[in-house]
């Protein structure tokens with residue numbers, strides 16, 4: 001498998017590419033944050049799963065946690081969603097939701 005450093009480097013690369021990709025897609029679709037774009041969710045989920053325990057069910061737990069934070073949009077996810085625009089804004093709210101989900105996942109893992 002990938003080392004944690006390689007995983008994080010690839011995730012950061014995906015974030016940077018995603019800024020450009022999401023901006024281009026939003027321009028083409030003529031929408032601010034089109035639901036047709038899922039690259040931001042993919043990167044947010046990858047953030048969630050950084051250093052996750054290796055078992056198939058952790059993937060499901062991580063996905064559910066990410067979706068909860070992505071949908072609920074607690075502060076500062078909501079701030080990024082409302083105040084930041086373009087590719088960076090599209091990407092950042094999902095990355096912040098991913099960080100929340102990562103913390104929750106790690107707390108669950110260490111409490112078991």
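The values are calculated or read from the model by the stated rules, or taken from the named source; none is laboratory data. As the structure is a prediction and not an experimental result, all values here were calculated from the model. Here the Cβ positions follow ideal geometry from the backbone for every residue, glycine too, while neighbour counts run over all protein chains shown.
Starting from residues that are touching a residue at least 24 places away in the same chain (Cβ under 8 Å) and in a loop (DSSP other than H, G, I, E, B), keep the ones in the stretch 21-44 and report whichever is surrounded by the fewest Cβ atoms within 10 Å (Cβ to Cβ). The selected residue is 32.
Take the conditions (1) closer than 26 Å to residue 25 by Cβ; (2) in contact (Cβ under 8 Å) with a residue 40 or more places away in the chain; (3) surrounded by fewer than 17 Cβ atoms within 10 Å (Cβ to Cβ); residue 76 misses just one of them, which is (2).
Condition check ((1) more than 21 Å from residue 4 (Cβ to Cβ); (2) in contact with a strand residue (DSSP E or B) (Cβ under 6 Å, 6 or more places away or on another chain); (3) outside any helix (DSSP H, G or I)) across all residues:
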{"site": "58", "(1), (2), (3)": "no, no, no"}
{"site": "62", "(1), (2), (3)": "no, no, no"}
{"site": "66", "(1), (2), (3)": "no, no, no"}
{"site": "69", "(1), (2), (3)": "yes, no, no"}
{"site": "75", "(1), (2), (3)": "yes, no, yes"}
{"site": "89", "(1), (2), (3)": "yes, no, no"}
{"site": "96", "(1), (2), (3)": "no, no, no"}
{"site": "105", "(1), (2), (3)": "no, no, no"}
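Go through the stretch 55-73 and give me each residue that's over 12 Å from residue 98 (Cα atoms) and in contact (Cβ under 8 Å) with a residue 24 or more places away in the chain. Listed by number, the residues that qualify are 58, 61.
Any chance the stretch 89-103 includes a residue that's surrounded by fewer than 14 Cβ atoms within 10 Å (Cβ to Cβ) and either touching a helix residue (DSSP H, G or I) at 6+ places or on another chain (Cβ under 8 Å) or modelled with pLDDT of 95 or more (or both)? Explain how you work it out, then say what you get.
As a first pass, look at the stretch 89-103 and keep what is surrounded by fewer than 14 Cβ atoms within 10 Å (Cβ to Cβ): 103.
Pick out the ones that are also either touching a helix residue (DSSP H, G or I) at 6+ places or on another chain (Cβ under 8 Å) or modelled with pLDDT of 95 or more (or both) and you get 103.
Yes, that holds for at least one residue.
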